[in-house]
Amino acid sequence: MSFGMELAFAALILACLHSFVSPDAQGDALYALRKSLNASVDQLKDWNPNQVSPCTWSKVSCISNNVVSVSLTSMGFSGILSPKIGVLKTLQTLSLQGNSITGPIPIEFGNLTSLTMLDLENNRLTGEIPSSLGNLKKLQFLYLNQNNLTGAIPDSLSLLPNLINLQLASNGLSGQIPEQLFQVSKYNFTMTHLNCGINFSHSCASDNGGLLLLGSMLLLWWMSRHKRFKREVFVDVAGEVDRRIAFGQLRRFAWRELQLATDNFNEKNVLGKGGFGKVYKGVLSDNTKVAVKRLNDYESPGGDAAFQREVEMISVAVHRNLLRLIGFCSTPTERLLVYPFMQNLSVASRLRELKPGEPVLDWPTRKRVALGTARGLEYLHEHCNPKIIHRDVKAANVLLDEDFEAVVGDFGLAKLVDVRKTNVTTQVRGTMGHIAPEYLSTGKSSERTDVFGYGIMLLELVTGQRAIDFSRLEEEDDVLLLDHVKKLEREKRLDAIVDRNLNKSCNIEEVEMMIQVALLCTQSSPEDRPTMSEVVRMLEGEGLAERWEEWQHVEVNRRQEYERLHRRFDWGEDSIYNQDAIELSGGR
C-alpha cells in the first residue's frame, strides 16, 4: 500500500470514528444532563455513569442500542440544559415539559438532527431561540411556550420542511414573524410582543376564532383572495388520488384511493375484525401493500377534529416494536387508518391457524416476541407524553414483521374511538379472558390493565391456546387459560403446559421463567403487578427470583378464597359453543 493510500485509509477511519457515537458517549451526555438539571439523589438514580449503555435507564428508550427518546416531564428540575446533549444524533423525541429549568437553550441542540419533537414547554428558559434549531430538518413538533424567551424568531425556523406544530405563546419574544411560519398546520404566537401582521392577514393562533369576528362571509371572501392559507383544508373528493401530506410524513389518503386499493373493501381481503372494525389487505397504486383499518361509529359531530388529534398523538409513538402508522382517511362518515402490511400476520394466527407447510413458531422466536412486546408496551406507558394505554393486549394484536420480530398493533385505538363519545368515558374494550378484573368491574383502565393482558399473552405463547377455551369443560372446570396454567403449575406439570407443536424443543427452565413472569403480571390486585419496565428486566434475568418467592407466599393465602368463589361461578350451557360472543374486541 502506498503512503498516499495509507493516509487516505487513515482519514477514512478517523471520519468513521468521528461520526460514530458510542453507547458510553450517549451515557456521558445523559448523565451530564442529569447533573445540569440538579436532579436529587432519588431522581433518575438508575442513571449510572459507570454503565456503558444508557438503554436500560428509566425515561430513556433505545433502538439498536441508540438513544431515541428521553422523557423527563414534570419532575421538578430547576437546573439548566447541558450542551453535551448535542451528541445524541439518533435522538428523536426530547421532552422536558413542566419543570422549572432556567438558562438558555444551548446552540448544540441544533446537532440533534434526528429530532422530530422538542418539548420545552412550561419552564423558565431565557435568552433567544437559537438559529441552530433550523438544522433540525426532521422536526415536526416544537413546543417552547410558557417560558421567558426573548428576541426575534430566527428566520431559520421557517426553513424547517416538516414542522407541523409550533407553540411559542407566553414568552417575551418580539419582532416580525417570518411569513412562512403561517403555513404551519398549528401555531400559537399569542401572549408575546410579536407582530402577527396587519389588516387581519394573519391570526396569532391557528386554532383561535379571531377571523370569525368579521363574519363568515368576509372570511370566505378573504380565503378566496389569498393563495396561501395558514392551515391546510382537506376536502375528500371521489376519484381524487393525489393527496397532500399532513402531520409531517403522515399521509392523508382519499377515500377513493383506499376503495380502489381494497377492491371496494371486498370481504375476500379481510385480514381480521373486532370491536374497532375490520382490517383489509390493500395494494396502493405504486404496488405498496398495506393494511387498512376501517373504524366503526364515527358519524357524530366533532368527531373529525378529535380523530385527527388522536392520530397525531399515535403518529409520534415511534419504536421498533410498535406498528408504524402510514396515514389516515377522514370523511364525514368514515375514519380509516393505513398501516404497513405484515406478511407474517399475527402471533395468534401463527399459534393457532397454521396453514399446511407453514412453520411453527419455535421457542427462540417466542422468547423474542415476549421481550419485544414488553419493550413496545414499556415505551407506550413510560416514554410517551401523554402515555398511551393499549387496553387490548393479546396475541392477535401482536404482529410479526419479515424477521418475525414482535410489532404491537392497535395501540391508542381505544382512546381514538372513545374521544368521540363524550358521554361514555369508561367503556370497556377488550377480549374476555384478557381483561383485568378491576377493568371489567369498574371500567377504569391503567397501565396495569395492559400488564394483565400481557401476562395472558405470555401464556398464549407458552401454551398455544386461547385465553378462554370451553372445550376444557369436557375434562376439567378451568375454561380460563390462567386458571388452567395455575393448576398445572401447582402440580409441577410443566410438560402439560407447553404447546405440543413445539415437540418438546424448548428450554424447560426458560418456560418456567416465562410462566412465572406471566403469573406475576396477572395478579388480581393491580398494585401487585410489575410495571412493564420491570417485566423487561425480569425477562432479561434481573429480579425475577425475588418477586416470584414473594408471590408464592401471597398466593397460598388467596388460593382457597378464589377457588371457593370460582366453584360458584356458572358459565351457562348456552355459551359453551358461542366462542365469538365473548369477544368485545377481536383480532385486528
| remark: From fewest to most C-beta neighbours within 10 Å, the residues Ile105, Ile389 line up as Ile389, Ile105
| request: Quick one: go through the range 432-447 and flag any residue whose amide nitrogen is under 17 Å from the point 7 Å out along the Cα-to-Cβ line of Glu353. | output: 432
| remark: Stretched fully, the stretch from Lys89 through Ser525 gains (0.36 nm per residue minus C-alpha distance, one decimal, in nm) 152.8 nm
| request: Straight distance only, please: which lysines reach the Cα of Lys45 with their own Cα at less than 28 Å, same-chain residues fewer than 8 apart left out? | output: Lys35, Lys59, Lys84, Lys89, Lys387
| request: Provide the per-residue ³J(HN,Hα) series for the range 279-294, in order, calculated from phi with Karplus coefficients 6.51, -1.76, 1.60 and θ = phi - 60°, each as a whole number of Hz, with x at glycine and proline positions. | output: 10, 10, 6, x, 10, 6, 5, 8, 6, 6, 7, 9, 10, 10, 9, 9
| said: Given bins 5 angstrom wide, list per bin the percent of all Cα-Cα distances in the range 108-155, short to long. | reply: 5, 21, 29, 29, 15, 1
| remark: Descending packing, highest mean Cβ count within 10 Å first, for 455-467, 535-547 is 455-467, 535-547
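Which shape class, rounded, prolate or oblate, goes with the range 62-112 when its Cα gyration tensor gives a ≥ b ≥ c as root eigenvalues, a/c under 1.5 marks rounded, and past that a/b bigger than b/c marks prolate?
Taking the square roots of the gyration eigenvalues as a ≥ b ≥ c, the range 62-112 is oblate.
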| query | Ordered by residue, what ³J(HN,Hα) values in Hz, to whole numbers, does the range 159-164 give under the Karplus form 6.51 cos²θ - 1.76 cosθ + 1.60, where θ = phi - 60° and Gly and Pro are x? | reply | 9, 6, x, 10, 5, 10
| task | Based on the mean of other Cβ atoms within 10 Å per residue, sort peptides 66-72, 130-136 so the most packed one is first. | result | 66-72, 130-136
| remark: Residues whose modelled amide H sits under 5 Å from the amide H of Phe276, counting only those 5 or more places away in sequence or on another chain, are Gly586
| query | Shape of the range 32-162 from its Cα gyration tensor (a ≥ b ≥ c, root eigenvalues): rounded if a/c is under 1.5, otherwise prolate when a/b > b/c, or oblate? | reply | oblate
| query | In the neighborhood of Lys281, defined by Cβ-to-Cβ distances under 10 Å, what is the net charge if each Lys or Arg adds +1 and each Asp or Glu adds -1? | reply | +1
| remark: Burial-style ranking of 436-443, 112-119, average other-beta-carbon count within 10 Å with highest first, yields 112-119, 436-443
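Read-outs: derived from the displayed coordinates by stated rules, not from any lab. Everything numeric in this text was worked out from a predicted model, so none of it was measured. Here the Cβ is made from the backbone with ideal geometry for all residues, glycine too, and neighbour counts use every protein chain on show.
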